[in-house]
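Taking it in order: structure first as structure tokens, then the write-up.
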2 protein chains.
Amino acid sequence: MTDKKYCYEYPHPAVTTDIVVFTIREGRLKLLLIKRKISPYKGKWALPGGFVALHEDISQCAARELAEETGVSSVFLEQLGAYGAPKRDPRERVITIAYFALIPSEKIQVQAATDAAAADWFAMDALPELAFDHAEIVEQAKTRLLNKLGHSTIAFQFLADEFTLTDLQKVFEIIQGEEVDKRNFRKWALALNSIEATGKERREGQHRPAKLYRLSSTVQDID
Amino acid sequence: MTDKKYCYEYPHPAVTTDIVVFTIREGRLKLLLIKRKISPYKGKWALPGGFVALHEDISQCAARELAEETGVSSVFLEQLGAYGAPKRDPRERVITIAYFALIPSEKIQVQAATDAAAADWFAMDALPELAFDHAEIVEQAKTRLLNKLGHSTIAFQFLADEFTLTDLQKVFEIIQGEEVDKRNFRKWALALNSIEATGKERREGQHRPAKLYRLSSTVQDID
DNA sequence: TATAATAGTGTTCATTTCACACTAAGTCAA
DNA sequence: TTGACTTAGTGTGAAATGAACACTATTATA
């Protein structure tokens, strides 16, 4: 950051992006949080994010922050909305544009937290107290995730390139918090016309091997 | 506006709200546009909106702009999303937070455009060329409107406090652009448990009078 | 070769969605 | 006063969809 000062005729708020990063690890839906090492909310956990640079698109900003924190790029990233209550940051007026990202657990290289003190994954049902209005943002992200789950292909974003139908079913069960009928689920998943068998199978343990699937090339999402 | 200058350590973008205001008039879905009287895009039509003041919430800002342009308040207003491509405004970096609003045609007092040159309603299927990235914003608002139509009670926002089921059906037909079966529609509307008969009826023309309905007190919307 | 463990597969019933046509109640004019 | 006109209001059967439910298939291992 330079010492240069930027001046305007009328007041401009600061603009940040914050990213709600979900993944599934250890059989639970988890959220990436960063421990703040500066005031305000020093020591509290917060969503990863940062200021929007003047030259970058806001979605680029979110993608950049996400890559800096997790080392992953080209993941599912969707805008959640803008949050701009006047006092949400006690320092100055900050409007944040929240995104939510879904990353497959296999892609998670442990977070190379650039400047932040510490980063960690928290189970959604055991979140610590969050800084700013981040609890509200997380709540809305969770709602969005649940709403889209059955009407889009976002669940696939939690999986590796090749996966079994049981893998996929577990994603649903973990997010929805309830068991799903295996036969109905498989019928539904195949009827989506979004996945195709790779021809390969995965064998592990003393039981029948499972067919591997991949997302079809034509991936379309729903608003 | 004062001559005072606002200075920051690092650059802040300007933040505006733009509002996609829909109504139904003359049997068509219409959009409120303002003719720009200053550069850039001077003379072009644009969405109503303006800069976010430092002390106000962004939704308050949208509501204020909407009230200034249309004279109506307490209407349906929902955030659509943030648009922040770096060059979307050629003057400086401007991030806009778009809202969409639905107002009943009866409430429309002709727009008392404060500073803008002119304001007018345009049919959605006959829009003029729009300034900035407003065409994209309008497109997404239309998509949102269509998606929510059958899964929420937003259609009611286009109607007066008391309405007939035929009024409601016409709203659907106009927005969806296709006719709807009368019996199925009425069953659906009543099964919503969101409207109740007022006991009154409206008589006009040489035919049976129509029962009037109102929104039930418990109005809930869906994300 | 028996056991254990997960993969994989169809049918029935209930519910929801869709298509479809007539009667009811008012106004107006002859 | 009656017939013509116009929109309001109502029910049923068929088709599609969603939900419940239990057994066989295939592998690893002891």
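Cross-link partners of A:LYS170 among lysines, defined as those whose alpha carbon lies under 28 angstrom from its own and excluding same-chain residues fewer than eight positions apart: A:LYS30, A:LYS107, A:LYS142, A:LYS148, A:LYS182, A:LYS187, A:LYS200, A:LYS211.
Over the C-alpha trace of the protein assembly as shown, radius of gyration and Dmax come out as 24.8, 79 angstrom. Counting only aspartates and glutamates at least 8 places from A:LYS42 when in the same chain, those with an alpha carbon closer than 18 Å to its own are A:ASP18, A:ASP89, A:GLU92, A:ASP115, A:ASP120, A:GLU129, A:ASP133.
Which residues does a label at B:GLU129 reach in segment B:70-102, if reach means a backbone N under 20 Å from a point 7 Å past the Cα toward the Cβ? Within reach of a label on B:GLU129: B:87-91. For segment B:161-215, with all protein chains in place and a probe radius of 1.4 Å, 43% of the accessible heavy-atom surface sits on carbon or sulfur. Peptide A:54-65 has a mean of 3 when you count, residue by residue, the C-beta atoms of other protein chains within 10 Å of its C-beta.
If you wrap the Cα atoms of segment B:14-149 in a convex hull and average its projected area over all directions, you get 7.8 nm². With a Förster radius of 45 Å applied to the beta-carbon distance between A:GLU173 and B:LYS5, the computed FRET efficiency rounds to 0.20.
Taking label positions 7 Å along the Cα-Cβ direction at both B:SER216 and B:ALA46, the computed distance is 4.4 nm, reported to one decimal. Within the same chain, lysines fewer than 8 places from A:LYS4 are excluded, and of the rest, those with a Cα less than 24 Å from its Cα are B:LYS4, B:LYS5, B:LYS87. Helical content of chain B, expressed as a calculated mean residue ellipticity at 222 nm, amounts to -7000 deg cm²/dmol (DSSP H runs of 4 or more residues, -39,500 (n - 2.57) each, divided by residue number, nearest 500). Summarising the amide proton neighbourhood of A:VAL21: residues at separation of 5 or more, or on other chains, whose placed amide H is nearer than 5 Å comprise A:LEU32, A:ALA101. Sorted from nearest, the other copies put their A:ALA126 label points 6.3 nm away, the label point being 7 Å from Cα in the direction of Cβ.
The three principal axes of the C-alpha atoms in segment B:1-80 carry coordinate ranges of 52, 30, 22 Å, sorted with the longest axis first.
Pairwise Cα separations in segment B:161-215 fall into 10 Å bins from 0 onward with the following percentages, short to long: 23, 53, 24, 0. Ranked by the mean number of other Cβ atoms within 10 Å per residue, highest first, peptides B:11-20, B:195-204, B:57-66 order as B:11-20, B:57-66, B:195-204. Shown for B:ARG91: label points 7 Å from Cα along the beta-carbon vector, and their distances to the equivalent points in the other copies, 2.8 nm in ascending order. Potential lengthening of the chain between A:LEU190 and A:SER74 amounts to 39.2 nm, from the contour at 0.36 nm per residue minus the alpha-carbon distance. If we hang a label 7 Å off Cα along the beta carbon direction at A:ARG186, how far is it from the matching labels on the other copies, in nm, shortest first? Spacings between copies for this position, smallest first, are 4.7 nm.
In summary, the helical segments of chain B meeting the span-like criteria, namely a full DSSP H run, a Cα extent along the axis of 15 angstrom or more and a mean Kyte-Doolittle hydropathy of at least -0.5, are B:58-70, B:134-149, B:165-176. The residues of the protein assembly as shown present an accessible area of 51 Å² per residue when probed at 1.4 Å with all protein chains retained.
The values are calculated or read from the model by the stated rules, or taken from the named source; none is laboratory data. Since this is a predicted model, take the numbers as computed values, not measurements. Positions of Cβ are backbone-derived with ideal geometry, glycine not excepted, and every protein chain shown enters the neighbour counts. We work out accessible area using only protein heavy atoms, side chains counted, and drop any ligands, DNA or RNA first. Shrake-Rupley method; radii C 1.70, N 1.55, O 1.52, S 1.80 Å.
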